[in-house]
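Before any comments, here is the structure.
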Amino acid sequence: MGRLFGTDGVRGVAGRDLTAELAMDLSVAAAHVLGDAGAFHASVGRRGRPIAVVGRDPRASGEFLEAAVVAGLASSGVDVLRLGVLPTPAVAYLTSALGADLGVMLSASHNPAPDNGIKFFTRGGYKLPDAVENEIEQRLGEKWDRPVGPSVGRVREAYGEADRYVSHVLTTLPHRLDGLRVVVDCAHGAAHMVAPEALLRAGAVVETIGTAPDGLNINDGVGSTHLGPLREAVVERGADLGIAYDGDADRCLAVTGDGEEVDGDQIMAMLALAMHADGRLVKNTVVATVMSNLGFKIALRNSGLTVVETAVGDRYVLEAMQEGGFTLGGEQSGHVIMLDHATTGDGLLTSLHLMAEMARSRRPLSELASVMTKLPQVLVNVRDVAKSKASDPELLAAVAKAEAELGDGGRVLIRPSGTEPMIRVMVEAGSHEQAASIADRLAEVVRTVCA
């Protein structure tokens, strides 16, 4: 069957790959691994049944998957708080704030509506390490003593806890947003209610698109993977900026008043400099993945800051942040972790702090983003190849030749996909033409030697 857990939980087409039966079995196994019956709950001051919080994005399939997950948890003797439709970072925060033993989020992030996924959080609201995911998989389908009578878990709605999350992110703001006019694209996703409310309460003038989820339109032509509608809305309405979240709002991208995209690298660079100026950037270090643009690393180095690199995936960023005691990290895709305030990437938190820096400095986003110059970057996805051959000597020799050609003015990254039979070829260079030429050349080598 292969490993169920990918780079961000268990994901697939709902009803076909991710069935109700699998969702229930996963929740039972997770309850046995994470629930730890008899744990002491400070919030109630006693030992009792484990507690879980469960949230979801607005996908139609989330309704039956939520029912399956709740049934699995409660039948395992876990009390369940149903949070309703909330962003992934809200579920992570509430796992900690409500003293829960585990959290569950049902979402496929930026994927189309037919897909869905299950993410688990440990006590404190952290994503699971590989070893714990493996243990959950190993315990799927195991025989177990089923609770009966007063030992079964109880289920109650906790939809009002959304305000607890909104209030939390607002308390982290170093500066109000009064006077800033923003267009917010919520991707018809999990942030469609909490994001506009939080921005309004912070003082911004807010206009919205992508805030009418019907269960089937999540990420459909809107959100952080489809910035066209946001660009048009920002320019047409004369806004200072636009913010785009993805389906579960654990990431965000921005658009300047002129309609230019601002990616995760640029957002991290702006936040890093602001935190450094205030003495809040621990060890003057930012954690980023190998996919971050070389221009990001050059900009931070020129400002006297250090970049620690990790594998692709925000949980690997988090691991490095925790090991080094760092406070800021993230990905080019817009996953930004501000560890002083959150345990995972949080699009709403990131956007609030980005706008707070605009309000504090009274500088437009385009000017703040100019702190780094992005090198032209070309990514070619070579599909249906053997990922195990990514270290083939012939391919490595071709990469070495390309790196010699680029010198210090660019770089090459060959990376097998974590979820598909695909090898990604990424090249950065001084010009788009050079990057595209080298990327195409290396992609052809991949097709030949990794067939």
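Of all residues in segment 127-179, those satisfying the criterion of being at pLDDT below 95, more than 24 Å from the chain's Cα centre (by Cα) and within 30 Å of Met275 (Cβ to Cβ) are His175, Gly179. Going residue by residue through segment 21-35, is there one that turns out to be open to solvent by less than 20 Å² (accessible area, probe 1.4 Å), assigned to a loop (DSSP other than H, G, I, E, B) and either at positive phi or at pLDDT below 95 (or both)? No, every residue in segment 21-35 fails to be open to solvent by less than 20 Å² (accessible area, probe 1.4 Å), assigned to a loop (DSSP other than H, G, I, E, B) and either at positive phi or at pLDDT below 95 (or both).
The values are calculated or read from the model by the stated rules, or taken from the named source; none is laboratory data. In this text, all values refer to a predicted model and were calculated from it rather than measured experimentally. Here the Cβ is made from the backbone with ideal geometry for all residues, glycine too, and neighbour counts use every protein chain on show. Note: areas computed on protein heavy atoms with side chains; ligands, DNA, RNA excluded. Shrake-Rupley method; radii C 1.70, N 1.55, O 1.52, S 1.80 Å.
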